[in-house]
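Asks: Following this message is one structure expressed as structure tokens.
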Amino acid sequence: MCLAIPGQIIVIEKEGDFLFAEVDFSGVTKRVNLLFTPEAELGDYVIVHVGFALSILSEQRALSTLSLLQGDEA
Amino acid sequence: MKYVDEFRSADRVRETVRALDALTTRPWTIMEVCGGQTYAIVKFGLQELLPKKIRLIHGPGCPVCVTPAHIIDHALSIAESGAILCSFGDMLRVPGSSSSLLSAKAKGASVHIVHSPLDALEIARENPSRQVVFLAIGFETTAPANAVSVFQAKKEGIENFSMLCSHVLVPPALEFLVHSPDNEVQAFLAPGHVCTITGESEYRLLCERHSLPIAITGFEPLDILQGIYFCVQMLERGCPDVVNQYSRSVCLEGNQVALSMLDDVFEVRDALWRGIGTIEASGLFLRREYAEFNAEERFPFTSKCSCKEQGCISGEILQGRKRPSECPMFNRQCTPEQPLGAPMVSNEGACAAYYHYCIR
Amino acid sequence: MTCPVEVEEKTVITLSHGSGGRQTSQLIEQVFLPAFGNQVIQTLHDGALLDMNCGQLAFTTDSYVVQPLFFPGGDIGKLAVTGTVNDLAMCGARPQYLSCGFIIEEGFLLRDLKRIVESMREAAIKSSVEIVTGDTKVVERQSQEPNIFINTSGIGRFLCKEPINARSIREGDAIVLSGDVGRHAMAIMAERSGLSFPEGLESDCAPLFAMVEALLEAEIELHCLRDATRGGVATALVELSEQSGMNFSLFEEKISVSAPVKSACEVLGLDPLHAANEGCFLAFIPQDRAECAQAVLRQFSTGKEACVIGQVSGRSSSPRALMHNSLGTQRYLYKLSGDQLPRIC
């Protein structure tokens, strides 16, 4: 139900009450509100839904997910 | 790591399918809850890859599909009154009891598509002499962002802004399904983006209460196949638990800032799910403190909707009791151009997905 | 008393510009003729007299109502010329002459009209066509922002031995796509959707005849051509499948989508296969000429991404276009009805 796409933070700036990020999705960028991920840093990948970052993606956990079921059972 | 193509890798998908084939010894029925998962399964043809013993059924996780017709009728009446009605694109083609927002727009009503709730707020700032109403729909993933718009409107005193809400919650819907006497679901793929906000706790409770295996699952082909794998593994072993397949985004306690925003702006009450009926404690409604921004109060409306939709069995589809192809109206009186109900219109509705993509 | 049509910032088109009187003449003389200047149109007669020493003519018409009027890589004027020129190319004809009819809402800025007409002039030169006759009407404003609608009709000389249409598609034909998809739709949608392309993204709007001519010169038999405009490649394929009564088998990995377009579609929840293009076409040709066709098209800057994307698999009473993906599964393609709307679910 929730179209949310991963993108990388390339700029962070404050505007009014909010912290915004310029997020790059492989060559297209969008301004994203960081209210729900205040600890996000430049270079982080975030999941973006309706113009808000909902979580900071963990590369370590992503790699771990990719290697699940390789060879043996998880 | 870009977090997309890696999870669509044909090699990894094939590996997972092989493991699933080796693992599955008995027939199992698994429900994937989220419309986004339905969309991905049908678009990537994942059902074709599953062992024949696994029956995958589609659940009610499509907020567009479950938004009550009277909310759409109310939105229409607001748009036709001269206010600016802002909505996500998903809702525009969904029929209310007689018409849709897209039809109203064609007839001259001010209906604006927005990509974010803050866009609607900006439209209100730019048009101080007009009423601006945001049609806010969604599950727990979208509700926090929607909440921000009304939170900010109150903070800044943007008096011409108000919100018409239809927010629903996933765990009460699963509870409802599981209590149904003809429930056949043995395990759930829980929606990964909802859980990104809420965390795992409510799903742990569900699992403990009903001995139900639950895999919190992402949306790429590898995610969905892994989620199914974990469900089957737990079923084969008889060890129900909650497994977090989408751990790169979901953590145990969820997003506390988002949950705090939800709690500030909304309260939980019983809610009507289109096609299904009222589900206890399953909806989020604006608190009294935000009453002045509640479009339901600002724009009084009496629904003329009979709530009986001619021939549409969306409730059966959304609860996984029937497949779209089993509906007598499917691809006859009901098509995306002339939908009888929401699941044929929504991009992630099971009926639309079957209509467009499926091998018959 | 004269009423000079001056090019000032705020000069607008009024109802009297379309009434056929003095102001209409001034509009023609000062805006249209300088742009479209050729011997035929200079005669300013009710119709154009043309010398066409040839057998069959292709004749097409289209109307252009695009919003926004101006977008990265073009505008409604460029589209109005290029679109009709491309329809002629898709018939296997060399485009030669165009008419253009304008319906302009009063209040439309003269400077915008000039800009659009200039685009049409440039597009006509690029496509080697002449605009030889036209008409202008001015109507009362219906929308908040005054709008313009353009109709262009075109004639071209048919160059092939056999008709080029869906009924000429044969079992076993290769299906070639001349370029990457989705750029036009994303160039249009990006700004109003809050997306930016740091490397820039422009509409792929471009004339296609040169590529068609090159295929003919390489003696490649063209059974059918179709540009993948509104509704995208998927809609064009499904329509052709239905019109020809043939099943198509297609391979998703062969369809080129640039990374920024792919990402923009993902962010907006849109399907690149349903995204409109204005500079890319499908060609149905004998299978044994497929590689050659691909090579011919790739010589053009607009054909760098040309690829054989599938095959005509056979006749059917309920023909479908079947897409195979990299996971080894298949789905049917479907026609888009209405425009794609961005989604959040």
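The values are calculated or read from the model by the stated rules, or taken from the named source; none is laboratory data. Predicted model, so just to flag it, every value in this text is computed and none were measured. FYI the Cβ positions are ideal-geometry reconstructions off the backbone, even for glycines, and counts take in every protein chain you see.
Asks: Of the residues in the range B:22-47, how many are part of a loop (DSSP other than H, G, I, E, B) and more than 8 Å from every other protein chain (Cβ to nearest Cβ)?
Replies: Of the residues in the range B:22-47, 4 are part of a loop (DSSP other than H, G, I, E, B) and more than 8 Å from every other protein chain (Cβ to nearest Cβ).
Asks: Sticking with this one: Condition check: surrounded by fewer than 20 Cβ atoms within 10 Å (Cβ to Cβ), charged (D, E, K, R), over 18 Å from the mean Cα position of the chain (by Cα) and within 14 Å of another protein chain (Cβ to nearest Cβ). Does C:GLU253 satisfy that?
Replies: Taking the combined requirement at face value, the residue satisfies it.
To keep it simple, each residue is scored yes or no on (1) surrounded by fewer than 24 Cβ atoms within 10 Å (Cβ to Cβ); (2) under 22 Å from C:THR133 (Cα atoms).
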{"site": "C:GLY73", "(1), (2)": "yes, no"}
{"site": "C:GLY92", "(1), (2)": "no, no"}
{"site": "C:LEU98", "(1), (2)": "no, yes"}
{"site": "C:GLU105", "(1), (2)": "yes, yes"}
{"site": "C:LEU109", "(1), (2)": "yes, no"}
{"site": "C:LEU113", "(1), (2)": "yes, yes"}
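Asks: I'm trying to understand the selection: among the residues of the range B:228-275, which are assigned to a loop (DSSP other than H, G, I, E, B) and either crowded, with 24+ Cβ neighbours inside 10 Å or in contact with a strand residue (DSSP E or B) (Cβ under 7 Å, 6 or more places away or on another chain) (or both)?
Replies: B:GLN245, B:TYR246, B:ARG248, B:SER249, B:VAL250, B:ASN255, B:ARG274 - these are the residues of the range B:228-275 that are assigned to a loop (DSSP other than H, G, I, E, B) and either crowded, with 24+ Cβ neighbours inside 10 Å or in contact with a strand residue (DSSP E or B) (Cβ under 7 Å, 6 or more places away or on another chain) (or both).
Asks: Let me ask something else. Of the residues C:LEU69, C:LEU27, C:LEU79, only one is closer than 25 Å to C:GLU122 by Cβ, modelled with pLDDT under 85 and surrounded by 13 or more Cβ atoms within 10 Å (Cβ to Cβ); which?
Replies: C:LEU27
Asks: A further question on this structure: Could you list all residues from the range C:302-329 that are among the polar types (S, T, N, Q), surrounded by 17 or more Cβ atoms within 10 Å (Cβ to Cβ) and either in a loop (DSSP other than H, G, I, E, B) or at the interface with another protein chain (Cβ under 9 Å from one of its Cβ atoms) (or both)?
Replies: If the condition is that a residue be among the polar types (S, T, N, Q), surrounded by 17 or more Cβ atoms within 10 Å (Cβ to Cβ) and either in a loop (DSSP other than H, G, I, E, B) or at the interface with another protein chain (Cβ under 9 Å from one of its Cβ atoms) (or both), then C:ASN325, C:THR329 are the ones that fit.
Asks: Which condition does A:ARG31 not pass, out of (1) touching a Gly at 6+ places or on another chain (Cβ under 8 Å); (2) at pLDDT 95 or above; (3) surrounded by 20 or more Cβ atoms within 10 Å (Cβ to Cβ), if it passes all the others?
Replies: (3)
Asks: Looking at the range B:1-33, which of the residues that are of a type in the set (Val, Ile, Thr) and under 17 Å from B:GLY238 (Cα atoms) is surrounded by the fewest Cβ atoms within 10 Å (Cβ to Cβ)?
Replies: B:THR25
Asks: Tell me, yes or no, whether the range B:197-214 has at least one residue that is farther than 18 Å from A:ARG61 by Cβ and among the acidic types (Asp, Glu).
Replies: yes
Asks: Mind checking which residues of the range B:57-71 are within 12 Å of another protein chain (Cβ to nearest Cβ) and part of a loop (DSSP other than H, G, I, E, B)?
Replies: Result: B:CYS62, B:THR67.
Asks: Here is a list: C:SER301, C:SER316. Which entry is touching a residue at least 40 places away in the same chain (Cβ under 8 Å) and hydroxyl-bearing (Ser, Thr, Tyr)?
Replies: C:SER316 is the lone residue from the list that is touching a residue at least 40 places away in the same chain (Cβ under 8 Å) and hydroxyl-bearing (Ser, Thr, Tyr).
Asks: Name the pairs: first residue in the range B:274-291 and under 21 Å from B:SER346 (Cα atoms), second residue modelled with pLDDT of 95 or more and surrounded by fewer than 12 Cβ atoms within 10 Å (Cβ to Cβ), Cβ to Cβ under 8 Å, at least 6 apart or on different chains?
Replies: B:GLY283/B:ARG269
Asks: On to the next question. With the condition kept exactly as written, say whether any residue in the range B:157-166 is buried (at least 20 other Cβ atoms within 10 Å of the Cβ), away from chain A (no Cβ under 11 Å) and not hydrophobic (A, V, I, L, M, F, W, C).
Replies: Yes, some residue in the range B:157-166 is buried (at least 20 other Cβ atoms within 10 Å of the Cβ), away from chain A (no Cβ under 11 Å) and not hydrophobic (A, V, I, L, M, F, W, C).
Asks: Here is a further query. Hey, does the range C:232-248 have a residue that's outside any helix (DSSP H, G or I) and of a type in the set (Ser, Thr, Tyr)?
Replies: No - not one qualifying residue is present in the range C:232-248.
Asks: Hey, among the residues in the range B:340-360 that are hydrophobic (A, V, I, L, M, F, W, C) and either over 22 Å from B:LEU49 (Cα atoms) or not in a loop (DSSP other than H, G, I, E, B) (or both), which one's farthest from the other protein chains (Cβ to nearest Cβ)?
Replies: B:LEU340
Asks: Just checking, which of C:GLY172, C:GLY179 is more than 26 Å from C:GLU266 (Cα to Cα) and in contact with a strand residue (DSSP E or B) (Cβ under 9 Å, 6 or more places away or on another chain)?
Replies: Checking each option against the conditions leaves just C:GLY172.
Asks: Within the range C:193-215, take every residue that is over 22 Å from the mean Cα position of the chain (by Cα) and touching a residue at least 24 places away in the same chain (Cβ under 8 Å) and give me the one that is surrounded by the fewest Cβ atoms within 10 Å (Cβ to Cβ).
Replies: Top of the filtered list is C:GLU199.
Asks: Here is a further query. Quickly run through the range B:189-242 and pick out the residues that are touching a Lys or Arg at 6+ places or on another chain (Cβ under 6 Å) and over 28 Å from B:LEU284 (Cα atoms).
Replies: B:GLU220, B:PRO221, B:LEU222
Asks: Anything in the range A:42-59 that is out of contact with any strand residue (DSSP E or B) (no Cβ under 7 Å at 6 or more places or on another chain) and of a type outside the set (A, V, I, L, M, F, W, C)? List them, or say none.
Replies: A:HIS49, A:SER58, A:GLU59
Asks: Could you list all residues from the range B:175-203 that are of a type in the set (Ser, Thr, Tyr) and either within 14 Å of chain A (Cβ to nearest Cβ) or assigned to a helix (DSSP H, G or I) (or both)?
Replies: Matches in the range B:175-203: B:THR196, B:THR198, B:SER201, B:TYR203.
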